[in-house]
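Here the structure is laid out as structure tokens; the discussion comes afterwards.
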Amino acid sequence: MNPGALSLIPLGGLEEVGGLNMMVLQYDDSIIVIDAGLMFPEEYMLGVDFVIPDFSYLVENKRNVKAIIITHGHEDHTGALPFLLKAVPAPIYGTPLTLGLIKEKLREYQIEAEMHPVRPRETISLGPFEVEFIRVTHSIVDGVALGINTPLGRVVHTGDFKVDPTPVDGELLDFHRFAEYGEKKTLLLMSDSTNAEKGGFTFSEKEVRRAFEDIFATSKGRIIISTFSSNIHRIQQAIDVAVMFGRKVILAGRSIVSNAQIALDLGYLRIPRETWLKLEDLKGLEDDKVAIITTGSQGEPMSVLSRIATGEHKQIKIKEGDTVILSAKMIPGNERSIGRIVNHLFRRGANVIYEKVSEIHVSGHASKEELKLMLNLVRPRYFVPVHGEYRHLSIHASLALKQGIPKENIFILDNGEVLEFHEGEVHRAGKVDSGRVFIDGKVAGGVEEMVLRDRMRLAHDGVVIVLLGVEKLTGNIISGPDVISRGFIFEDASPELIADVKEFLSTTIAALDKEIITDSSLLQAKIRSSLKKYLRNVLDRRPLIMPIIMEV
Ligand SMILES: [Zn+2]
Ligand SMILES: [Zn+2]
């Protein structure tokens, strides 16, 4: 890097929507990191729990990292923190709710970190940078944009935002501050491109309340609402409408209870004491007095909603008259698993309301008109669209062009690409290492490492194949479970061990609901997870497990 140069280095978030957000800003030797997010794996990434950006550039320069600044508490902005902090222990700056959510995550990983709570309109000094926090509205409370004063000029990073004129907590986007950056002349704007394809304005979160009210007014049975556990506003609206209709609220699921508790403790959520009941209290309640709020809106196989849908949840059994609301966006790629859950719920007699049939979700990201508004408020000299796939960035870039930013001042960057500001000039200055790192459990590894680990596991613990024949129509097991292994200790162990494993599998499968047995992907997941646990507990081995289901 040139001395006296300001560099912008996106390590993630420019090739994927809703994932891996991580932006590096560097002046001479001083580095600040904006966000450290993860991405959930796509279906082909077998055995991967999630994905984080390759931040080896930061590891190489770790002594220069002054701070990690987090714009808001969504996992696509915070999820890589446990891994980043292990390698690069820098202080974290964020608003109280953001830090509250991060603390919980770090506790899981048993990582200590230095944390500094900040408030909107507060400014902090970090070496050559002065960072101001600016209130935005988004699908999580306490989100901020950043106004960063650097020796070469002002930089504005919007974080994730929409322009919600009637936010649930009354905290508006700080138009004045953004306009001031426009007045004071801003060198560079980085802005959220997620919804750049959508015309008009994004609906206010308040619109969801109207939809909730309609549903509550016409439902006689229990109401189950699933959403993201971080969407405190959505949870608040569900609670408010429940109170309005005299229903008690039960929060079901570990993450939603923990997030609600954090938000409650910090004053971001209000629940009347007599309204919040425990899952155990469900039995004693009349159906029309119940509202259950839970997660699993993306069809995640191990979530509460999925277990409710397939009849596996101990306390919550779906019955005729129940209404289930999936109050979240169907994230592309999840349609099949969501569709499956919806089918199961309908089959059990529930009325299911989801994105395709009702307005029970609004986006947290700005549409075209709001993006133009942001460009007009900040009026930057240079523009870099962020948070999106190439097409989103590209559409956002043409919006900026229409708003009067010259073509040569707009840069669509790749992850890892360095944009350098130096002596009044701007140019692309090569690339640093970047990419995706796959996380399996709590261990990190690159693609090659992942393959290597599979091979090592194969070499070390071998492979166990479970063969099972299922009659699709009835769910009857017509052959198996048979167990074949290669390189696993079965071969030299006693035949009793194989018999034990078969016995274990038969009992496990017999205890499953017919709906799971006839759903081969769910059945595979169940067999894999229970056998994995069994072999680890009994033999302390982790072979590759491959269930093969033959449906006839
Ligand atoms: Zn995001
Ligand atoms: Zn977000």
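Provide, for q = 0.09 Å⁻¹, the log10 of I(q)/I(0) from a solvent-free Debye sum over equal Cα point scatterers in the chain.
Debye intensities relative to I(0), on a log10 scale: -0.74.
Within straight cross-link reach of residue 526, meaning Cα distance under 17 Å, which aspartates and glutamates are found once same-chain residues fewer than 8 apart are removed?
43, 49, 300, 312, 482, 503, 513, 515, 551
For the chain, what relative contact order do you get, as a whole percent, if you take Cα pairs closer than 8 Å and at least 6 residues apart?
Reported relative contact order: 15 percent.
Find how many whole Å separate the alpha carbon centroid of the range 318-376 from the alpha carbon centroid of the range 292-310.
Cα centroid of the range 292-310 versus Cα centroid of the range 318-376: 13 Å apart.
With +1 on each Lys and Arg Cβ and -1 on each Asp and Glu Cβ, how big is the dipole of the chain about its Cα centre, in debye rounded to the nearest 20?
880
Amide H to amide H, which residues 5 or more places from residue 69 or on other chains are under 5 Å from it, using H placed in the peptide plane?
The answer is 33, 34, 35, 93.
Convert each backbone phi in the range 305-321 into a coupling constant with the Karplus relation 6.51 cos²θ - 1.76 cosθ + 1.60 (shift: θ = phi - 60°), then list the ³J(HN,Hα) values in order as whole Hz, x for Gly and Pro.
Result, ordered by residue: 4, 5, 5, 5, 4, 9, x, 8, 6, 5, 8, 10, 10, 5, 9, 3, x Hz.
Which whole-percent values make up P(r) of the range 206-353 when all C-alpha to C-alpha distances are grouped in 5 Å steps starting at zero?
In order of increasing distance, the bins hold 2, 10, 21, 24, 23, 14, 5, 1, 0 percent.
Given H placed on each backbone N at 1.01 Å, which residues far from residue 325 in sequence or on other chains put an amide H within less than 5 Å of it?
The list, which skips near neighbours in sequence, is 224, 225, 226, 353.
Taking each full run of DSSP H in the chain as one helix, which ones are at least 24 Å long along their axis (Cα atoms) and have mean Kyte-Doolittle hydropathy of at least 1.6?
In the chain, no H run is both long and hydrophobic enough.
I'd like the accessible area for residue 116, computed on protein heavy atoms only with a 1.4 Å probe and all protein chains in place. Round to 10 Å², please.
60
With every protein chain left in place, what is the accessible area per residue of the range 258-372 in square angstrom, probe 1.4 Å?
47
How far apart, in nanometres, would the label points at residue 63 and residue 317 be if each is projected 7 angstrom from Cα along the Cα-to-Cβ direction?
6.6
Find, among the trypsin sites (Lys or Arg not before Pro) in the range 259-299, those assigned to loop by DSSP (not H, G, I, E, B) with at most 12 other beta-carbon atoms within 10 angstrom.
273, 278
Kindly flag which residue pairs out of 368/407; 62/86; 502/533; 62/184 have an alpha-carbon separation exceeding 21 Å in this structure.
Flagged as over cut-off: 62/184.
Which GluC sites (Glu not before Pro) does the range 372-445 hold that lie in a coil by DSSP with at most 12 other beta carbons within 10 Å?
423
Just to make sure I understand: if all protein chains stay in place, what is the order of 277, 172, 393 by accessible area at 1.4 Å, largest first?
172, 277, 393
Find, among the trypsin sites (Lys or Arg not before Pro) in the range 328-417, those assigned to loop by DSSP (not H, G, I, E, B) with at most 11 other beta-carbon atoms within 10 angstrom.
Qualifying residues, ordered by number: 356.
Which whole-Hz ³J(HN,Hα) couplings does the range 141-157 yield from phi under the Karplus relation 6.51 cos²θ - 1.76 cosθ + 1.60, θ = phi - 60°, glycine and proline marked x?
Computed from phi, the couplings for the range 141-157 are 6, 6, x, 9, 9, 10, x, 10, 8, 10, x, 9, x, 8, 10, 10, 10 Hz.
Please count, across the range 206-353, the pairs of lysine residues with Cα atoms under 24 Å apart that sit 8 or more places apart or on different chains.
Lysine pairs meeting both conditions in the range 206-353 amount to 27.
Can you tell me how much longer the chain between residue 369 and residue 477 gets when fully stretched, taken as 0.36 nm per residue apart minus their C-alpha distance, in nm with one decimal?
Net length gain for the segment: 33.2 nm.
Give me the distance between the Cα centres of the range 102-142 and the range 377-405, rounded to whole Å.
26
The values are calculated or read from the model by the stated rules, or taken from the named source; none is laboratory data. A quick note: this is a predicted structure, and the numbers were derived from the prediction, not measured. We place every Cβ from the backbone using ideal geometry, glycine too, and count neighbours over all the protein chains shown. What goes into the accessible areas is simple: the full protein's heavy atoms, side chains included, and nothing from ligands, DNA or RNA. Shrake-Rupley method; radii C 1.70, N 1.55, O 1.52, S 1.80 Å.
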